[in-house]
1. Is at least one residue of region 429-440 out of contact with any Phe, Trp or Tyr (no Cβ under 6 Å at 6 or more places or on another chain), more than 15 Å from the ligand (Cβ to nearest atom) and within 22 Å of residue 308 (Cβ to Cβ)?
2. If you check 125, 191, which single one turns out to be away from the ligand (no atom under 16 Å from the Cβ) and either outside any helix (DSSP H, G or I) or among the acidic types (Asp, Glu) (or both)?
3. Return the only residue of 44, 27 being among the basic types (Lys, Arg), in contact with a Gly (Cβ under 9 Å, 6 or more places away or on another chain) and crowded, with 17+ Cβ neighbours inside 10 Å.
4. Looking only at region 387-415, how many residues end up being in contact with a Ser or Thr (Cβ under 6 Å, 6 or more places away or on another chain), surrounded by 21 or more Cβ atoms within 10 Å (Cβ to Cβ) and of a type outside the set (Phe, Trp, Tyr)?
5. Report whether or not residue 92 is farther than 30 Å from residue 307 by Cα and surrounded by fewer than 17 Cβ atoms within 10 Å (Cβ to Cβ).
6. Would you confirm, using the coordinates I've provided, whether residue 301 is of a type in the set (S, T, N, Q), touching a helix residue (DSSP H, G or I) at 6+ places or on another chain (Cβ under 9 Å), modelled with pLDDT of 95 or more and under 21 Å from residue 255 (Cβ atoms)?
7. Filter region 386-402 down to the residues that are part of a loop (DSSP other than H, G, I, E, B), closer than 14 Å to residue 464 by Cα and within 25 Å of the chain's Cα centre (by Cα) and list them by number.
8. Do we find that residue 446 is within 16 Å of the ligand (Cβ to nearest atom), within 20 Å of residue 393 (Cα to Cα) and in contact (Cβ under 8 Å) with a residue 40 or more places away in the chain in this structure?
Amino acid sequence: MSHSHLPKDFLWGFATASYQIEGAPHKDGRADSIWDTFCRIPGKIAGGESGERACDSYHRTAEDIALLKQYRAQVYRFSLSWSRIIPLGGRNDPVNEKGLQHYVKFVDDLLAAGIQPMVTLFHWDLPDALDKRYGGFLNKDEFVKDYENYARVCFEAFGSKVKFWITFNEPWCSSILGYSTGLFAPGRTSDRSKSAVGDSSTEPWIAGHSILIAHGAAVKAYRDDFKAKDGGQIGITLNGDWTEPWDPNDPADREACERKLEFAISWFGDAIYLGKYPDSMRKQLGDRLPTFTAEEIALVQGSNDFYGMNHYCANYIKHKDGEADINDFSGHIQALYHNKAGEVIGPETQSFWLHPNPLGFRKLMKWLSDRYGGPTFYVTESGTSLKGENDLPLEELLDDEFRCEYFRGYIGAMADAHTIDGVDVRGYTAWSLMDNFEWAEGYETRFGVTYVDYDGDQKRYPKKSAMEIGAIFDKYIEKE
Ligand code: GCO
């Protein structure tokens, strides 16, 4: 019996996002994104923090590339800050050459170091001007045109240097956390204790719909005008946890698991691969869930060259009785960390939502692969925080065995998905290259394989996991 493996041209590396690492919010003509303005609202971010300084990566590109080389990364997934490139965001607003050239040089430097760039066009930092001007995602027609224009500016500037484009990172988070719970920018919600504006019963579904159409429009632009000469691939990155029934003997809990996956992932995945929204969503949401016009579905269906998969953990799912609340966004279920028998889904971490469960990764890959006809996967994020990591003395903190174990488990599960279940997976970028601004959790939660000393001039220190990832891949990637 041969052990599980990954294909010989498998690409691995690390991932980050612009607002989480760059800092320098006013440098070289950048304007505010919705995250800059959101962070200024008291009480939104732990410790009253923001991405103002973060890892200072805008000024430390050489240092970051040196880390990637030291760790033997083959690919680096990072995102572009739209408001550096087109500060006011819109199709009639000027392009900021300084901001754009910063990234062009960064890509050149990566390539010179032998590292493939994987570029995310949008990782949540919408130019604030577009939110103020017309409500951002809530105005589909304006947003789609502005996004397509921005995407074209980037395709044009990077040309054949970039072979992997990701249109949007985790539209579920932008839609639900931004427009339902209000925990993320722009912070709209029906919960009046959190925000004076927003309607959680409709806005998240409108936002998600706009993102899907904008994704489709950008993919069409790339395929029509760039793909043949530049030779890249383009796709979207979707997040989603695996689900296990709270009571495996209760059919209602088993159904609730499917429903939860559909609300979290198939909302976008079905549109892209099957050309429709899931029936379970239509049933619960009725006409609060937008419908696709024929023209829209032609843009969206078949619009992924690859499936970008962000995956961290799993939950137990229990069905709820009665009618779903009008603001419910997960399919009328309850997500729990223990099951009926009292078993836990995985150990605790510093992130309340993250309980690692490697087997769930393999199961979800198979579930997606079966549902969507065996697409090519790139795992664009996976990683963990550690309970109490921020409070440890430096020496102990650098010895992050828990994170190493996470990567052994998850990469092993991915190799099983490939070898045993036949899943076509070709890449993995670990979250994250370094500790960074963890959104509403500020700097208290660390996900990096590199420690960043926020009180010590942002100095970087490799943790044990930084080198361990390469060692794990050496074990799995086929030599011949
Ligand atoms: C994401 C996020 C990252 C987070 C990570 C850990 O795409 O979910 O892209 O920005 O930092 O997920 O929470």
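The values are calculated or read from the model by the stated rules, or taken from the named source; none is laboratory data. Since this is a predicted model, take the numbers as computed values, not measurements. Neighbour counts run over all protein chains shown; Cβ positions are idealised from the backbone, glycine included.
1. No, region 429-440 contains no residue that is out of contact with any Phe, Trp or Tyr (no Cβ under 6 Å at 6 or more places or on another chain), more than 15 Å from the ligand (Cβ to nearest atom) and within 22 Å of residue 308 (Cβ to Cβ).
2. On the way: 125 fails: away from the ligand (no atom under 16 Å from the Cβ).
Testing whether each residue is away from the ligand (no atom under 16 Å from the Cβ) and either outside any helix (DSSP H, G or I) or among the acidic types (Asp, Glu) (or both) leaves just 191.
3. Numbers: 27 fails: crowded, with 17+ Cβ neighbours inside 10 Å.
Result of the check over 44, 27: 44.
4. Of region 387-415, the ones in contact with a Ser or Thr (Cβ under 6 Å, 6 or more places away or on another chain) are 387, 400, 403-404, 406, 410, 415.
From what is left, the residues that are surrounded by 21 or more Cβ atoms within 10 Å (Cβ to Cβ) are 400, 403, 406, 410, 415.
From what is left, the residues that are of a type outside the set (Phe, Trp, Tyr) are 400, 403, 415.
Residues flagged as in contact with a Ser or Thr (Cβ under 6 Å, 6 or more places away or on another chain), surrounded by 21 or more Cβ atoms within 10 Å (Cβ to Cβ) and of a type outside the set (Phe, Trp, Tyr) within region 387-415 amount to 3.
5. On the way: farther than 30 Å from residue 307 by Cα: yes; surrounded by fewer than 17 Cβ atoms within 10 Å (Cβ to Cβ): yes.
The answer is yes for residue 92.
6. Values: of a type in the set (S, T, N, Q): yes; touching a helix residue (DSSP H, G or I) at 6+ places or on another chain (Cβ under 9 Å): yes; modelled with pLDDT of 95 or more: yes; under 21 Å from residue 255 (Cβ atoms): no.
Criteria not met by residue 301.
7. Within region 386-402, 386, 400 meet the criteria.
8. Values: within 16 Å of the ligand (Cβ to nearest atom): yes; within 20 Å of residue 393 (Cα to Cα): yes; in contact (Cβ under 8 Å) with a residue 40 or more places away in the chain: yes.
Against the criterion (within 16 Å of the ligand (Cβ to nearest atom), within 20 Å of residue 393 (Cα to Cα) and in contact (Cβ under 8 Å) with a residue 40 or more places away in the chain), residue 446 qualifies.
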